[in-house]
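Participant: The structure under discussion is supplied below as structure tokens; questions concerning it will follow.
FYI, it's all coordinate maths here, none of it is from the lab. Since this is a predicted model, take the numbers as computed values, not measurements. As a convention, Cβ positions derive from the backbone with ideal geometry for all residues, glycine included, and neighbour counts pool all protein chains shown.
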Amino acid sequence: MLLELSIRHLAVIEHVELHCKSGFHVLTGETGAGKSIIIDALGLIAGGRSSSDLVRYGSDKASIEASFLVAGDHPVWAALSRLGIEGNSDETLIIRREISAQGKSTSRVNGQLVNLAMLKEIGECLVNIHGQHEHQSLFHPEGHIRFLDVFGEPTIGPVKRDYQSAYEDYQSIRKQVRELQETSQQALQMADLYKFQVEEIRSVKLKAGEDEALQEERRKLSNAERLYQSAADAYELLYGSGKGLDVVGRAVQKLQDIAAYDTSQLQPLAEQVQSAFYQLEDAAHQIRDYRDEIEFNPGRLDFIEQRLDTISSLRRKYGDNVKEIIAYADRIEAELSLIEHKDERLQELQREESKAFERMSKLASDLTLKRLAVAERLAAEIVNELRELHMERTQFKVQVESEGERKFSPDGADQVEFLISANPGEPLRSLSKIASGGEISRIMLAMKSIFARVDRIPVLVFDEVDTGVSGRAAQAIAERMSRLSSDCQVFSITHLPQVACMADVHYLIRKTTDGDRTYTNIHELHDGERVHELARMLGGVEVTGKTLEHAQDMLSLAEDKKLRMA
């Protein structure tokens, strides 16, 4: 249930706080007092869309904070866990949402920042808001399947999920078949080109990294004479008579001759110079070997030049280097293989498509059977609810049909439509054709009553759903809302005194001005205040003694009725 609701700087609200109780709550007030803003605030808490227009003029931001008390086994805790949000040990859940004057929205659940999609998932577990616009959903048969599937989730859900998986598989394979068929002609035209390109590349017998290796070898062969002469000169300077190594060797000998006189300094120096001598000697040998290995091979150089020219020609067509050229050849070779085996692949895909269709069709039939069974239960429960709403002789049917050539969609192959006969002797017809506003209000209330038990939504909000009804029908709606509040917390904006008098908690929404600014305030009514508000609802602007007496009688009768219903 909703424990507290705090609203700041939202539209014409400066600051209001509601401390809520269990049971049936009504919100009343003059037209334009701002009753719908309270519903808007709950909608924002439940993940509704925000706008900078909602921020009170002159304020930096609007904020709404709601705290809920939710049973430990409620589905919302599983949703929180799935989203990585920690719950509270006392089973309370706090949602806060802020909207800046620039339109930026920030949401937190138990202090943790969440995005709008996460907030919506959590909010849908906690609050269900039903307004006048939702009546219209009953006039559109394409939406009826959703009502049926939600009601029958334990029965329908597993089969529907299996069907949707099969439907996605079928659509994926079907797409592959179409793409293969559409591209086959173009692919055949490309086959000759691919064959030529593969042959051109493969005939060269490229090796990865070959171009870099050939370029290095070409540099050596092109400069062989210079390399040989410079290496020979370096060797002579190091190893020639009286040259580098002889000079260093004599230096080593001189240091060793005097090292005994100053071992602490000269001995390390003698060893260091001797080490340098050995390193120079080793380097000289390597230079000599390098010189002797230098190849003077004009034929090899010509071959390398020709090979690099061939590679350069391929690079201009197929890639920046040998690795990319080989990769291109691999790719078009694979495509060529697909083209050459297109018919085989197409036949294979068509066999898979046929199997996928059979599986999808079978699951669609299973889904239809489940829906037919659930449809009877839903119709029976709606009829029972309508009896309590003084529509005793109403017939109601949830029609599930799969006619002729089955049309598969993500929801299956069924057409679901709600049919009603509100008067004896009249045939069942579409809701959109025969149901009046008052009848639609009661049908929707009947459905909400059923779904409240199924969904375990702790807070139900009705925004003037009793519009268009009066008298006996209004009283029936009031009593049903009161009974519904034993299963969940119910809030209703109403203009009907019959509904208001059945409430456990009555809030008055009032708009005031201080000359410069307009304010909407909310006040919980008690005793005489409540009688006076009911009298206003009964008699309009002028409250008389008779309307006050009538209002008091209505309250007394309502209390007696609630005691009998308990």
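Participant: Over segment 210-320, what is the relative contact order in percent, taking alpha-carbon pairs closer than 8 angstrom and at least six residues apart? Don't skip to the end; give the middle numbers.
Facilitator: Values: 72 pairs, mean separation 43.6, N = 111.
With pairs under 8 Å counted, the relative contact order is 39 percent.
Participant: For the chain, what relative contact order do you get, as a whole percent, if you take Cα pairs closer than 8 Å and at least 6 residues apart?
Facilitator: Relative contact order, the chain: 22 percent.
Participant: For helix 298-318, what angle does its Cα long axis make with the longest principal axis of the chain, in degrees from 0 to 90 and rounded to 10?
Facilitator: 10 degrees
Participant: Can you list the GluC sites (Glu not before Pro) in segment 89-174 that are in a DSSP coil and have 15 or fewer other beta carbons within 10 angstrom?
Facilitator: Working: sites: 91, 98, 121, 124, 134, 142, 168; in loops: 91.
Within segment 89-174, the qualifying GluC sites (Glu not before Pro) (loop, at most 15 other Cβ atoms within 10 Å) are 91.
Participant: Any chance you could check the Cα centroid distance between segment 151-173 and segment 215-269 for me, in angstrom?
Facilitator: 84 Å
Participant: Can you classify segment 395-476 as rounded, prolate or oblate using the Cα gyration tensor, where a ≥ b ≥ c are the square roots of its eigenvalues, rounded means a/c under 1.5, and otherwise it's prolate if a/b beats b/c and oblate if not?
Facilitator: Oblate.
Participant: Distance in nm between label sites at residue 523 and residue 30, each 7 Å beyond Cα in the beta-carbon direction?
Facilitator: Distance between label points: 1.3 nm.
Participant: Let me ask something additional. Set Lys and Arg Cβ to +1 and Asp and Glu Cβ to -1, take the dipole of the chain about its Cα centre, and tell me which of 497, 375, 24 lies farthest positive.
Facilitator: The one lying farthest along the dipole's positive direction is 497.
Participant: Taking the Cα centroid of segment 185-214 and of segment 410-435, what is the distance between the two, rounded to the nearest whole Å?
Facilitator: That distance is 66 Å.
Participant: Give the shape of segment 20-157 as rounded, prolate or oblate, defined through the alpha-carbon gyration tensor: a ≥ b ≥ c are the square roots of its eigenvalues, a/c under 1.5 means rounded, and otherwise the shape is prolate if a/b is larger than b/c and oblate if not.
Facilitator: Oblate shape, in that a/c is at least 1.5 and b/c is the bigger or equal ratio.
Participant: Against the longest principal axis of the chain, how steep is helix 244-258, in degrees 0 to 90 to the nearest 10, with axes from Cα atoms?
Facilitator: The two axes meet at around 90 degrees.
Participant: Run through segment 398-490 and list the GluC sites (Glu not before Pro) located in a DSSP loop whose Cβ has at most 11 other Cβ atoms within 10 Å.
Facilitator: 403, 405
Participant: What is the antiparallel percent of DSSP beta bridges lying wholly in the chain, to the nearest 5? Could the numbers behind the result be given before it?
Facilitator: Details: 47 of 64 bridges.
Roughly 75 percent of the beta bridges in the chain run antiparallel, per DSSP.
Participant: Roughly speaking, what is the stretch gain from residue 565 to residue 409, that is 0.36 nm per residue apart minus the C-alpha to C-alpha distance, in nm to one decimal? Before the final figure, lay out each step's value.
Facilitator: On the way: separation 156, 0.36 × 156 = 56.16 nm, distance 4.50 nm.
Taking residue 565 through residue 409 to full extension adds about 51.7 nm, to one decimal.
Participant: Here is a follow-up. Tell me whether segment 92-236 comes out rounded, prolate or oblate; compute the Cα gyration tensor, take square roots of the eigenvalues as a ≥ b ≥ c, and use a/c under 1.5 as the rounded threshold. Provide the component values of the computation, followed by the final result.
Facilitator: On the way: a/c = 4.63, a/b = 2.05, b/c = 2.26.
It is oblate, given that a/c is not under 1.5 and a/b is not larger than b/c.
Participant: Return the aspartates and glutamates within reach of residue 370: Cα separation strictly under 12 angstrom, same-chain partners fewer than 8 residues apart disregarded; answer none if there are no such residues.
Facilitator: Here the aspartates and glutamates satisfying the reach criterion relative to residue 370 are 149, 153, 414.
Participant: Also: So what is the calculated 222 nm ellipticity per residue for the chain, using -39500 (n - 2.57) for each DSSP H run with n of 4 or more, over all residues, to the nearest 500 deg cm²/dmol?
Facilitator: Dividing the helical sum by the residues of the chain leaves -20000 deg cm²/dmol.
Participant: I would also like to ask the following. Relative to the present Cα-Cα distance, how much length would full extension add between residue 52 and residue 426 at 0.36 nm per residue of separation?
Facilitator: 129.6 nm
Participant: Sticking with the crude label model, points 7 Å out along Cα→Cβ, report the distance from residue 155 to residue 486 in nm, one decimal please.
Facilitator: 2.5 nm
Participant: Additional query: Work out Dmax and Rg for the chain from the C-alpha atoms and quote the Rg first, both in angstrom.
Facilitator: When restricted to Cα atoms, the chain yields Rg and Dmax of 43.4, 138 Å.
Participant: Further question: Could you pull out the pairs from 21/561; 397/562; 362/433; 407/448; 104/448; 160/397 whose alpha carbons sit more than 28 Å apart here?
Facilitator: 397/562; 362/433; 407/448; 104/448
Participant: For segment 210-320, with the dipole built from +1 on Lys and Arg beta-carbon atoms and -1 on Asp and Glu ones, taken about the Cα centre, which of 310, 278, 261 lies farthest toward the positive end?
Facilitator: 310
Participant: Roughly how many Å is it from the Cα centre of segment 499-528 to that of segment 61-89, as a whole number?
Facilitator: 29 Å
Participant: Next question, about the same structure. Suppose R0 equals 56 Å; then what is the FRET efficiency for residue 347 and residue 4 from their Cβ-Cβ distance, rounded to the nearest 0.05?
Facilitator: The pair residue 347/residue 4 has a calculated efficiency of 0.25.
Participant: While we're here: As I understand it, the value is the acute angle between the Cα axis of helix 210-222 and the longest principal axis of the Cα atoms of the chain; what does it come to in degrees, rounded to 10?
Facilitator: Relative to the chain, helix 210-222 is tipped by roughly 30 degrees.
Participant: Please identify the trypsin sites (Lys or Arg not before Pro) of segment 77-179 that satisfy two criteria: DSSP loop assignment and at most 11 other Cβ atoms within 10 Å. Which are they? Display every interim value, and only then the final one.
Facilitator: Details: sites: 82, 96, 97, 104, 108, 120, 146, 160, 161, 174, 175, 178; in loops: 104.
Counting only loop positions with at most 11 other Cβ atoms within 10 Å, the trypsin sites (Lys or Arg not before Pro) in segment 77-179 are 104.
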